[in-house]
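The structure appears right after this line, and notes come after that.
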Amino acid sequence: MVATFLSNFARAQRQPVDRWSIGVILLCGLILGPVLAVLLSAFGDSGGLWSHLYDTVLGRYISNTLILMAGVGVVAIGFGVSSAWVISRYDFAGRRMLEWMLLLPAAIPAYIIAYSYTEFFEYAGPLQSGLRHLFGWQSPRNYWFPEIRSLGGAILVMASVLYPYIYMVTRIAFRLTPASLFEIALVHNRSQFWQVGLPLARPAIMAGLALVMMEVMSDFGTVEFFAIETITLGIFNVWLGMNNLVAAAQISIVGFGFILALLGLELYARSRQQYVSSSRNQTPLAMLVPTKAGVLACWAVCVIPLLFGFFIPVGVLVGLVATNDLLADFLAIRGIIGNTLIVAAIAALVIMVLSAFIVVTASFRAGSKTRKLALFASTGYAFPGTILAIGVLIFTGQLDRAIAALFGPQFQGILITSIGVLFLAYIVRFQAVGYGAMISGVRRLPANMMNASRVLGQGYMDSIRRVIMPLLKSSFLAGMMLVFVDVMKELPMTLLLRPFNFDTLATYTYQFAKDEMLEVAALPALMIVLSGLVPVMLMSAMLRRYR
Amino acid sequence: MNSYYYGNMKFGDKADQKDWAQSIRLVFTNQSNRGNHMNISGGGVAKYAKNKMAAIAFLEFLTEEKAQHLYGEINFEYPVNPSVLVNGELASWGRFKPDTLPIERLAALAPKAQMIIDRVGW
């Protein structure tokens, strides 16, 4: 079957498929296999569970997911666009500092801010305890306080850490909007924001929004902690609560629909974005100078999202760490730190080598169909970890069966019982990050670099090794850092697929937070946040390029 | 609340948690019908485990008198071995009627229970 597929592939391209391209096709098969496995197993028999789910919870899953996505979207746009506008158009003290600080919340995974907010805002937390003390209230009957573990709480929590996606792209879009257009608005006494800035930044905002909504869709830690039944949590509950993988795969199909819609939105928005960035600034636009009250307003617009998205959650964690014995805490988790660093480093290296191979071969060797396949194989990032975990498990099970049939029964279950299954999941999910880093590196290369090297008499392999690879080194390293951090904070797949007695910082934090003992896990949580600062620095360097 | 949370609050190193533990009265549930539900700390041996014999020996040790008392003293868990007596702090909490439904029945009924939860919307 594979052979006929390959020969069909060759015929369609009207050229012999070389071994490099075959390698890429096989790798893409490995990456897409788990996604296909979910689709296929959804056709299995769930023992009538599907109709039960359809009658009872499916509507709730879908409506909760939609409300959460819409709510987070609205709040994140509010935070991201308003702060991007203030930073782009107003000249005030502290602007330069706030410009990069506004990216800081991106360092915090949503589940960690959820844990620390609960610690802070819940009945026994410092805020409510302080209020009770201050006003002499005795019990929850004496006063009303919003419940953080609710749909509204989840919207606030997620929007606070996801708005940087929108802030970043909108900031760049405002920067690239031609100054002359703002001047026309000034001349005609129209609003610079509503009539020029916002309409022209709309494609960028939409692209950022699509990313934000994908993150909401794939979030597991927050919705699980707040007990908000979204599609992603539903998959988890049906799989583990009802022991029904087929029904879980069937719910995943509903999730697929959402993801395809979001990928479509992102692609559409990106295709429109070209139009915005096509004309470059000729004359720099004079910044607006706010009044004294205006400066205050500018600060408020920037500081409020920062406060919610970074300073409160990090403050809570730092406060918890400070009350503990730091050395004892560190010694308790040193093995887990080691695990996390090793797993993240190996995964990052493997993923980057695979991505480099796929991107270089697809760009310089293979035909357009292989290129499309490579692009297609990098959509794994959009899928929630719970869906991919199901796919990886089914796929590995099949692979194990094939291995046992080929090499003998002593190899029964060799992959599924090892950490290999977790690595496969990381590859499927984060290959897209490596692919993105490498492809943007290749696009920056002069178009005829490869041709020049070949004309000068070097073979394909030599050209790659001596010309292309040295030029892509920084892309490789940047991609490796991003994958490293992504693996480090990954929660649902690690939780579901890890071997026995194996914890990462993320799963360790999850387990204690789940038992409402965040104080024990404050240090690992803070470490995850610190590692998340690395991609924030990369983002900030990117913003600087558009200054 | 699970017994070990109560014990850990009562004898933990957090002053306010000690106060909370002092201010509550232990009540065992369902004493007039099926008895108080009990969680278990369970163990098993994986099908493809490398050291099967050692794993079984360890599990057997955990069910013997010495280990069962350690569970009680360190983490305030009741002995699962019926021939081991409840002693120390746990004994001072009093006797109660436990639910005798076998734990594997819970696992077998879990999907059905989840379906009821789905229907009722808990």
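Read-outs throughout are calculated quantities, based only on the coordinates presented, and are distinct from any laboratory measurement. A quick note: this is a predicted structure, and the numbers were derived from the prediction, not measured. Note that we place each Cβ from the backbone using ideal geometry, even for glycine, and neighbour counts take in every protein chain shown.
Listed cross-link partners A:Lys514/B:Lys18; B:Lys10/B:Lys52; A:Lys372/A:Lys489 are compared with a 27 Å cut-off, the Cα-Cα value being larger for B:Lys10/B:Lys52; A:Lys372/A:Lys489. Applying a DSSP loop filter and a limit of 13 other Cβ atoms within 10 Å to the GluC sites (Glu not before Pro) in region B:1-65 leaves B:Glu64. Calculated on the alpha-carbon coordinates, the convex hull of region A:336-487 measures out at 144 cubic angstrom per residue. Going by neighbour counts of Cβ atoms within 10 Å, the residues A:Leu27, A:Leu491, A:Leu530 line up, fewest first, as A:Leu530, A:Leu27, A:Leu491. In the protein assembly as shown, a dipole from Cβ-located charges (positive for Lys and Arg, negative for Asp and Glu) runs towards its positive end, and of B:Gln68, A:Phe423, A:Leu127 it is A:Phe423 whose Cα lies farthest in that direction.
Using unit Cβ charges (K, R positive; D, E negative) and no other charged atoms, how large, in debye to the nearest 20, is the dipole of the protein assembly as shown about its Cα centre?
Roughly 2700 debye, rounded to the nearest 20.
In the protein assembly as shown, the DSSP-assigned H stretches of four residues or longer account for a calculated mean residue ellipticity at 222 nm of -22500 deg cm²/dmol, using -39500 (n - 2.57) per stretch and the full residue count as denominator. Once the piece of chain linking A:Ala261 and A:Arg465 is laid out straight, how much longer is it, given 0.36 nm per residue of separation minus the C-alpha distance between them? My answer for the length gained is 69.5 nm. The region of chain B that goes longest without hitting one of the trypsin sites (Lys or Arg not before Pro) in a DSSP loop, each with at most 10 other Cβ atoms within 10 Å, is B:51-94. Converting phi to 3J(HN,Hα) with the Karplus coefficients 6.51, -1.76 and 1.60 and the offset θ = phi - 60°, region B:104-110 yields 6, 5, 4, 5, 5, 8, 4 Hz in sequence order, with x at every glycine or proline. Ranking A:Phe193, A:Ser160, A:Phe236 by Cα position along the charge dipole of chain A, where only Lys, Arg, Asp and Glu carry charges on their C-beta atoms, puts A:Phe193 farthest toward the positive end. As a ratio to 2.2 N^0.38 Å, the alpha-carbon radius of gyration for region A:44-319 is 1.18. Each of B:Tyr71, B:Tyr48, A:Tyr426, B:Tyr5 was scored by other Cβ atoms within 10 Å of its Cβ. Arranged with the fewest first, they read B:Tyr48, B:Tyr5, B:Tyr71, A:Tyr426. Here region A:44-319 is assigned +1 on the Cβ of each Lys and Arg and -1 on the Cβ of each Asp and Glu. Its dipole about the Cα centre then comes out at about 1040 debye. All distinct Cα pairs of the protein assembly as shown go into the 1/r average, and the inverse of that average, the Kirkwood radius, is 28.3 Å. Thinking of region A:459-501 as a set of Cα atoms, what percent of all their pairs are more than 18 Å apart? Beyond 18 Å sits 54 percent of the P(r) for region A:459-501.
In straight-distance terms, cross-link reach from A:Lys292 covers every one of the aspartates and glutamates whose alpha-carbon lies under 13 Å from its own, apart from those fewer than eight places away in the same chain; here that gives A:Asp91. Evaluating kT/(6 pi eta Rh) at 37 °C and 0.692 mPa s, with the Kirkwood radius of region B:3-120 over Cα pairs in the Stokes-Einstein relation, gives 193 µm² s⁻¹. Mind giving me the FRET efficiency for B:Ile40 and A:Ser368? R0 is 56 Å, r the Cβ-Cβ distance, nearest 0.05 is fine. It comes out at approximately 0.40.
When both region B:1-68 and region A:460-492 are represented by their alpha-carbon centers, they are found 48 Å apart.
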